[in-house]
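Below: the structure, in structure tokens.
Each reported figure results from applying straightforward, stated rules to the coordinates on display, with no laboratory input. Nothing here was measured: the structure is a model prediction, and the numbers come from that model. Backbone-built Cβ (ideal geometry, glycine too); neighbour counts: all protein chains shown.
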Amino acid sequence: MKPVTATDKPEDYEHDYKRGTVDFDSKWRNYCYHIVIIPDGTVVKACNFSQIEPKVDCIKGNNLTFEDCNLVNVEINPAWKLINCNTSQHWTVEEDIVKEIPNDFGGTTQVVRKKEVVKVVGKHSKDFNKEDLIKPQKAITEKPF
């Protein structure tokens with residue numbers, strides 16, 4: 001399978017946070033928001049598999065070894081070997097930042113900006129509790145605008 005582009009996408013591509021299924025290629029480094037099929041027994045080095053929400057089952061393969069990989073929000077298979085990998089679980093949420101600015105009429109004008117922040121729910125996948133699966137009200141899980 002060739003790299004995903006603006007015009008060439010997997011059949012199951014939905015949007016920027018659900019980019020569809022691809023086959024692992026040792027020359028690629030960024031698999032963020034994809035489902036990845038990795039041949040059994042593969043050693044994966046320095047790749048990004050991060051996902052937008054916690055506990056995503058996005059890596060298919062057995063007897064895998066990951067070294068220096070970003071596995072944020074990836075559902076970790078206990079049979080995998082992990083060496084120096086980031087396995088934190090978190091929600092990315094959107095917060096309103098409200099600021100009052102003086103206006104020319106002697107009053108104030110309210111300015112609202114959006115800011116993405118991270119809500120950490122478990123330092124590592126093994127620390128992640130079931131009750132943390134409750135999605136925050138403003139969690140970003142769909143196509144960005």
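Once you put a point 7 Å from the Cα of residue 43 and another 7 Å from the Cα of residue 28, both along the Cβ direction, what distance in nm separates them?
2.2
Provide the per-residue ³J(HN,Hα) series for the stretch 28-35, in order, calculated from phi with Karplus coefficients 6.51, -1.76, 1.60 and θ = phi - 60°, each as a whole number of Hz, with x at glycine and proline positions.
7, 10, 10, 10, 3, 6, 9, 9
Using a/c under 1.5 as the rounded threshold, could you call the stretch 24-91 rounded, prolate or oblate? The axes a ≥ b ≥ c are square roots of the C-alpha gyration tensor eigenvalues, and prolate needs a/b larger than b/c, oblate otherwise.
It comes out rounded by the Cα gyration axes.
Restricting to DSSP loop positions (anything but H, G, I, E, B) with no more than 10 other Cβ atoms inside 10 Å of their own Cβ, which chymotrypsin sites (Phe, Trp or Tyr not before Pro) remain in the stretch 28-105?
105
Step through the residues of the stretch 56-68 one at a time and calculate ³J(HN,Hα) from phi using the Karplus curve (6.51 cos²θ - 1.76 cosθ + 1.60, θ = phi - 60°), rounding each to whole Hz and writing x for Gly and Pro.
Those phi angles translate into 8, 7, 10, 10, 10, x, 10, 6, 8, 10, 10, 10, 6 Hz.
Compute the relative contact order of the stretch 1-102 as a whole-number percentage, counting only Cα pairs closer than 8 Å that sit 6 or more residues apart in sequence.
Relative CO of the stretch 1-102 lands at 19 percent.
Rounded to whole Å, give me the distance from the Cα center of the stretch 18-32 to that of the stretch 63-81.
15
Of the trypsin sites (Lys or Arg not before Pro) in the stretch 1-94, which ones lie in a loop per DSSP and count no more than 14 other C-beta atoms within 10 Å?
Those satisfying the criteria are 27, 29.
Which residues' amide hydrogens lie under 5 Å from the amide hydrogen of residue 64, considering only partners 5 or more residues apart or on another chain, with H built in the peptide plane?
41, 81
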